[in-house]
Structure formats: C-alpha cells, structure tokens
1. Suppose we keep only residues that are modelled with pLDDT of 90 or more and either touching an Asp or Glu at 6+ places or on another chain (Cβ under 7 Å) or part of a loop (DSSP other than H, G, I, E, B) (or both) within segment 49-107. Which one would you say is surrounded by the most Cβ atoms within 10 Å (Cβ to Cβ)?
2. What number of residues in segment 43-70 are within 14 Å of R16 (Cα to Cα) and touching a residue at least 24 places away in the same chain (Cβ under 8 Å)?
3. Output the residues belonging to segment 1-10 that are part of a helix (DSSP H, G or I) and under 26 Å from L78 (Cβ atoms).
4. Please go through segment 1-58 and pick out each residue that is among the hydroxyl-bearing types (S, T, Y) and in contact with a helix residue (DSSP H, G or I) (Cβ under 6 Å, 6 or more places away or on another chain).
5. What are the residues in segment 22-36 that are within 23 Å of E87 (Cβ to Cβ), more than 15 Å from the chain's Cα centre (by Cα) and part of a helix (DSSP H, G or I), if any?
Amino acid sequence: MFDLLVFAVLYLAYARIKKTILAKQKWTEADAHERERIVKDECAWRVIGRVMTAAGLGIGAFIVASPALATMWATVGLRLLGPIKQEMRDACSFRSTGAENEQRYKW
C-alpha cells in the first residue's frame, strides 16, 4: 500500500514539473484567453498539492504514537486547506491583457 502512495506522489511530482516547464513556454506564445487558462490550470495543481499534503499529514497524525505530534500534524494539515478558497477566487478573477510584456501570474 505504501508503494502505491509513493508511486502516486512521484508521478504527480513528475507531472507538475513537466507542466511547469511547458506552461512557461506557452505563456510567451499565448493570447489572453490561453493565459487565463494557464493560470487556472496552475491553481488546480496547487489545490491538488495542498490536498495531498494535508491528507499525508492526516494519515501521519493517525500513525504517530504521540498525541502532541498527532495534534500538531492534524492542525498543520487543516491550515494548509484554508487558503484554497481565496487562491481559487484570485485565479478565476485573473484577466489577461494579452500584451507581449505581460508578467506571469504571481502566487
């Protein structure tokens, strides 16, 4: 079971790195609509990463023998999920001008 979890995490890390490199290349060639889509895709990957990290911390909290560590890990996992709503709102409200010198969206 642990092996499957490791493979899933490695696959998602590989996909994220590949997606980041391609997104940087596409940003310079993209029009305004494409740039908005790129920002939304990056936001989706950030949400997936936050949820996976929080789930890992939650699983670790149940495995750890110390109640203090379990409480700490569970609290950190919940705090990771908090900014998701605002990040999604920011990404959905982003509007690109389509200009050649437009800066990439900053998180």
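The values are calculated or read from the model by the stated rules, or taken from the named source; none is laboratory data. As the structure is a prediction and not an experimental result, all values here were calculated from the model. So basically every Cβ, Gly included, is an ideal-geometry build from the backbone, and we count neighbours across all protein chains shown.
1. For segment 49-107, the residue satisfying everything is P83.
2. Initial filter on segment 43-70 (within 14 Å of R16 (Cα to Cα)): 43-50, 52.
Those still in the list that are touching a residue at least 24 places away in the same chain (Cβ under 8 Å) too: 43, 45-50, 52.
The qualifying residues number 8.
3. Taking segment 1-10 first, the residues part of a helix (DSSP H, G or I) are 2-10.
Result: F2, L4, L5, V6, A8, V9, L10.
4. T53
5. Taking segment 22-36 and keeping what is within 23 Å of E87 (Cβ to Cβ), we get 22-24, 26-27, 30, 32-36.
Next, only the ones that are more than 15 Å from the chain's Cα centre (by Cα) stay: 22, 24, 26-27, 30, 32-36.
Matches in segment 22-36: L22, K24, K26, W27, A32, H33, E34, R35, E36.
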